[in-house]
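As C-alpha cells, the structure follows; a few thoughts come after it.
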Amino acid sequence: MGAVAAVWRFLVGPPLRARQLAKQQITPVEGLPALSLDALTSVAYGPEAILVVLAPAGLVALQLVLPISVAIVVLLAILVFSYRQVIEAYPGGGGTYAVCRANFPPSVGVLAAAALVVDYTLTVAVSIAAGVGSLTSAFPGLTPATVPICLAILALVTALNLRGLGDTARAFLLPTMAFIAGLLVVIGIGLIHPLALHTPRQGQPLAPTEGLEAVGVLLVLKAFSAGCSALTGVEAIANGVPLFKQPRVARAKRTELLLGGILGAMLLGLAVLADRWHLGPRSGETILSQVIALAVGRNWAYYVMAVTITVVLMLAANTSFGGLPVLTSRLAHDNYLPHLFSLRDERQVFAVGIWTLAGLAGVLLVAVRGQTIRLIPLYAVRGVHHDRGGHRGVPGHQVNRRRVGGRAGRADRGGDGGHRRWAEALSRWVRRAVRPPRTPAWSSGSRCWHWRWPRVSRVSWTRWP
C-alpha cells in the first residue's frame with residue numbers, strides 16, 4: 001500500500017494549500033495549450049470538410065473554398081467578440097450555462113449544461129481517436145493496439161490534469177507552440193515561395209472532372225456548415241475564466257482574441273493555398289498533408305510536422321479537462337449535481353469532474369474501438385444548443401446592466417427612462433423579435449420632425465423563441 005501511495009504521489013505531485021492555488025492558474029499564452037487546442041487543431045479537418053462536400057460538383061466547384069472560408073472567418077470573429085462579452089459579463093465561469101441560467105428559465109440552463117457535457121465528452125473521445133488514427137496510418141503495425149493506445153493517452157492526460165491545469169499547460173506548451181509556429185511557417189513559405197510544387201501527389205483524386213451535381217445554394221450552405229467544424233472549442237475559454245491568474249477577465253479576453261487571430265490566419269492561409277494550387281480530396285492523403293508536401297517537400301520538415309500534428313490532435317482532449325470540471329462545480333453549486341463535484345482535492349483541482357470525464361470518454365473509446373468514423377455521427381449533435389442560447393442571452397444581460405453608450409448602471413426593471421427604452425428596443429432588434437412601430441414627433445429644440453421609439457414598459461426574457 002505504501003508503494004502504491006508513493007507512485008500516486010509521484011504522478012499527481014505533493015498536496016497544495018489553498019493559498020498556493022495561484023501556482024496552478026494560467027496566463028494567456030498557457031491558455032492556448034490548456035483551453036484552445038481543440039479549436040487550433042480543427043484546421044486539420046475544417047478546410048478538408050469544405051472540399052469533400054464541394055467535390056461531387058467537379059473541379060470548378062473547388063474554387064469556392066476561399067469565399068466559404070472567408071465567411072467562416074467572419075463568423076469566427078463574431079464568435080470571438082460574443083464570447084469576450086460573455087467573459088466580461090460572467091467571470092465566474094460556466095460560459096453558456098451561466099448566460100442561460102441568468103437570462104432564461106432554469107430548464108434552458110440545464111439543457112445548455114447537458115449540451116456542454118456531451119460536447120466535452122465527445123471532444124475527448126474524438127481528439128484521442130483522431131490522433132491515434134493518424135499514428136496508426138503512419139505505422140500500420142500498431143493498428144491492432146488502437147484501443148489500448150487510446151486508453152493509455154487518456155490516462156496520461158487525466159494524470160496531468162490531476163496534477164493541476166498549470167502543470168498540464170506547461171507540459172503541452174512546447175508541442176502547441178511547435179504546431180502553431182510550424183504551420184504558420186509552412187503557410188508563409190507556400191504563399192511567398194513554395195519549394196516543392198512538382199512533388200508527386202499520393203493517392204487518387206476523389207473529385208470528378210465533370211460535376212455530378214450542380215453548384216447550388218444548398219451545396220454551398222452544406223459546405224459552409226461542414227467547414228464550421230473548424231470553430232469547435234472557441235467557447236472553452238469563456239467556460240474556464242476562473243482558471244486564469246488575476247486579473248482573470250482581462251487575461252481570458254486576451255486569450256480569446258489570441259485564439260481568434262491565430263485560428264483565422266491559419267484557416268485563411270490554408271484556403272488561399274488550396275485555391276491557388278487547385279487542391280482537392282485524395283485517397284490516403286489529407287488536404288493539410290498536401291499543403292505541407294507542396295510547400296516544403298517530403299523531407300524531414302514534412303515528417304516533423306506530421307508527428308507534431310498527430311501529437312497535438314491527441315492533446316486537444318485537454319480542452320475538455322479544463323472546461324468540464326469548472327462547469328460541474330457550477331452545477332453542483334446550483335444543486336443540479338452532488339456537491340462532491342464542487343470540492344477541490346489536495347491538489348486544488350475538481351478531481352471528481354476530471355475522473356467523471358475520463359470515465360465517460362473511456363467508455364466511448366472502448367465502445368467504438370477507437371474508430372473516429374464511428375464517433376462522427378455523435379459528434380454532429382454537439383454544441384448546437386449551448387452556442388445558440390449563450391449568444392441570445394448576452395443582450396438580456398446588457399439590458400439588465402444598462403450598458404448603453406458606454407455607461408453602466410443599476411438595473412431598473414420598473415422605470416421607463418430614455419436609456420432603458422433604447423436598450424430594450426436595441427435588444428429586441430438583436431434577438432430578431434418583432435420591432436415595435438415608430439411614430440413621428442416634433443422636436444422643439446431642432447425645429448424638425450424626428451422618429452421616436454414608443455415607450456416600452458417591460459421586456460420578458462423568459463420567452464424562448
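The values are calculated or read from the model by the stated rules, or taken from the named source; none is laboratory data. Because the structure is predicted, anything quoted here is derived from the model rather than measured. For neighbour counting, all protein chains shown are included, and Cβ atoms are generated from backbone atoms with ideal geometry for every residue, glycine included. The accessibility values were calculated without ligands, DNA or RNA, using every heavy atom of the protein model including side chains. Shrake-Rupley method; radii C 1.70, N 1.55, O 1.52, S 1.80 Å.
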For residues that are part of a helix (DSSP H, G or I) and farther than 22 Å from S127 by Cβ, tally how many sit in the stretch 303-343.
9
Quick check, is T310 closer than 30 Å to V60 by Cα, at pLDDT below 85 and buried (at least 17 other Cβ atoms within 10 Å of the Cβ)?
no
Filter result for L279 (part of a loop (DSSP other than H, G, I, E, B), touching a residue at least 40 places away in the same chain (Cβ under 8 Å) and buried (at least 22 other Cβ atoms within 10 Å of the Cβ))
yes
For the stretch 200-237: of the residues being of a type in the set (S, T, N, Q) and modelled with pLDDT of 75 or more, which is farthest from the chain's Cα centre (by Cα)?
S225
A57 fails exactly one of the following numbered conditions: (1) among the hydrophobic types (A, V, I, L, M, F, W, C); (2) within 30 Å of Y303 (Cβ to Cβ); (3) surrounded by 20 or more Cβ atoms within 10 Å (Cβ to Cβ); (4) more than 24 Å from the chain's Cα centre (by Cα). What is the number of that condition?
(2)
So V291 fits all but one of (1) closer than 16 Å to E48 by Cβ; (2) part of a loop (DSSP other than H, G, I, E, B); what number is the exception?
(2)
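Condition check ((1) open to solvent by less than 30 Å² (accessible area, probe 1.4 Å); (2) of a type in the set (G, A, S); (3) not in a helix (DSSP H, G or I)) across all residues:
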{"position": "S42", "(1), (2), (3)": "yes, yes, no"}
{"position": "L64", "(1), (2), (3)": "no, no, no"}
{"position": "L75", "(1), (2), (3)": "no, no, no"}
{"position": "I78", "(1), (2), (3)": "no, no, no"}
{"position": "Y83", "(1), (2), (3)": "yes, no, no"}
{"position": "R101", "(1), (2), (3)": "no, no, no"}
{"position": "A112", "(1), (2), (3)": "yes, yes, no"}
{"position": "L122", "(1), (2), (3)": "yes, no, no"}
{"position": "V147", "(1), (2), (3)": "no, no, no"}
Are any residues in the stretch 174-197 under 17 Å from M266 (Cβ atoms), loosely packed, with under 15 Cβ neighbours inside 10 Å and more than 21 Å from the chain's Cα centre (by Cα), and if so, which ones?
V185, G188, L191, I192
In the set A271, A265, A351, A301, the lone residue that is open to solvent by less than 10 Å² (accessible area, probe 1.4 Å) and either among the small types (G, A, S) or without any contact (Cβ under 8 Å) to a residue 60 or more places away in the chain (or both) is A271
Inspect all residues belonging to the stretch 1-21 and state whether any of them is more than 14 Å from R347 (Cβ to Cβ), at pLDDT below 70 and either acidic (D, E) or not in a helix (DSSP H, G or I) (or both).
yes
Can you tell me how many residues within the stretch 149-173 are in contact with a Pro (Cβ under 9 Å, 6 or more places away or on another chain) and open to solvent by 60 Å² or more (accessible area, probe 1.4 Å)?
1
Need the failing condition index for T286 against (1) more than 25 Å from A178 (Cβ to Cβ); (2) surrounded by fewer than 22 Cβ atoms within 10 Å (Cβ to Cβ); (3) at pLDDT below 85, just the number.
(1)
With the requirement that a residue be assigned to a loop (DSSP other than H, G, I, E, B), at pLDDT 85 or above and among the aliphatic types (A, V, I, L, M), what does the stretch 344-383 give you?
V368
